[in-house]
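Notes follow the structure.
Nothing in this text is a laboratory measurement; each read-out follows from the coordinates by a stated rule. Given the structure is predicted, the values throughout are model-derived calculations rather than measurements. Because the Cβ atoms are built from the backbone with ideal geometry, glycine has one as well, and the counts that use them run over all protein chains shown.
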Amino acid sequence: MRRIVALLTVVGALALAACTPATEPSPSPSPSASSAVVVAEPTETASPSPSATASEDTTLSYIATARGTKITVLKKPDGAEKTVIRASDVLTVPDATPLTFLVKQIQGSWLEVYLPIRPNGSTGWVAADDVSLAATHMSIEIDMAAYELTVWDGEAAVLTTEIGLGTDELPTPGGVYYVRELLQPPDPDGIYGPYAYGLSGYSPVLDEFAGGDAVIGLHGTNDPDSFGRSVSHGCIRVPNDMITEMVEAIGIPLGTPVYIDEA
């Protein structure tokens, strides 16, 4: 059984980029509701070789979690050019959600990680001492041409479902991302459905949405006619029963890689 940790998350500040049809106004969720969300932890504690640049197991991904609410990121290992990423800048509920990164490669005491910042696909280097390291065989694959999402556990496909995607004018961006947070909207029958994963990517054409940055999300919906179509502002819409299974039965941990294939 996966070990789980309860997180109190608030959906009031959520600004996922595609929670209404692209032709309709963009209302914000109610800021007054909050609820407990259970988030699965990675299934393995990772202790990779200090010289490792890739795992021999191609289905294994490393996940780095900051030991605090901010972390220093370098452009190059031991380099002088650096920036600080704060949980308050990239998470909806920074006091309740850990600052997590998908690891791209490991070199000695440094980890190159994907960053939840613009531009999409940005990476940087963090010191191994500044994070705790874990691993998972979970991954999510989005086939945009087929309008299909698959959840993988190693080489086993544990869930496959039809999805809705962004329009040509407001596209879902392809690339490598990861799950940065899990939120539970106040109305399970509303525009977000019962759960919403915030990904590390952003809309390539919107600077903001519903009063916040235009984060790409993966969430339920109250519009079942959107599946198999390009109808959103860029987010990935999933049937409510499928997003519930992803959260409650499969238990996808923060940091899980999300591979969005170009259509």
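With contacts defined as alpha carbon pairs under 8 Å and 6 or more residues apart, what's the relative contact order of region 47-136 in percent? Taking the mean separation of contacting Cα pairs over the length of region 47-136, I get 37 percent. What the Cβ-Cβ distance of E208 and A249 gives, at R0 = 30 Å and to the nearest 0.05, is a FRET efficiency of 0.30.
Shape verdict for region 97-199, please, from the Cα gyration tensor: rounded (a/c under 1.5), prolate (a/b greater than b/c) or oblate. Taking the square roots of the gyration eigenvalues as a ≥ b ≥ c, region 97-199 is prolate. Charge tally for A127 (other residues, Cβ to Cβ under 14 Å; Lys, Arg +1; Asp, Glu -1): +1.
What shape does region 159-233 have by the C-alpha gyration tensor, where a ≥ b ≥ c are the square roots of the eigenvalues, rounded means a/c under 1.5, and otherwise prolate means a/b greater than b/c and oblate the rest? Rounded, since a/c falls under 1.5. Neighbours of T92, meaning other residues whose beta-carbon lies under 14 angstrom from its beta-carbon, give a summed charge of -2 when Lys and Arg score +1 and Asp and Glu score -1. Computed from the C-beta positions of Q107 and D189, the FRET efficiency with R₀ = 35 Å rounds to 0.15. If you take all other residues with their beta carbon under 10 Å from the beta carbon of K75, and give Lys and Arg +1 and Asp and Glu -1, the sum is +1.
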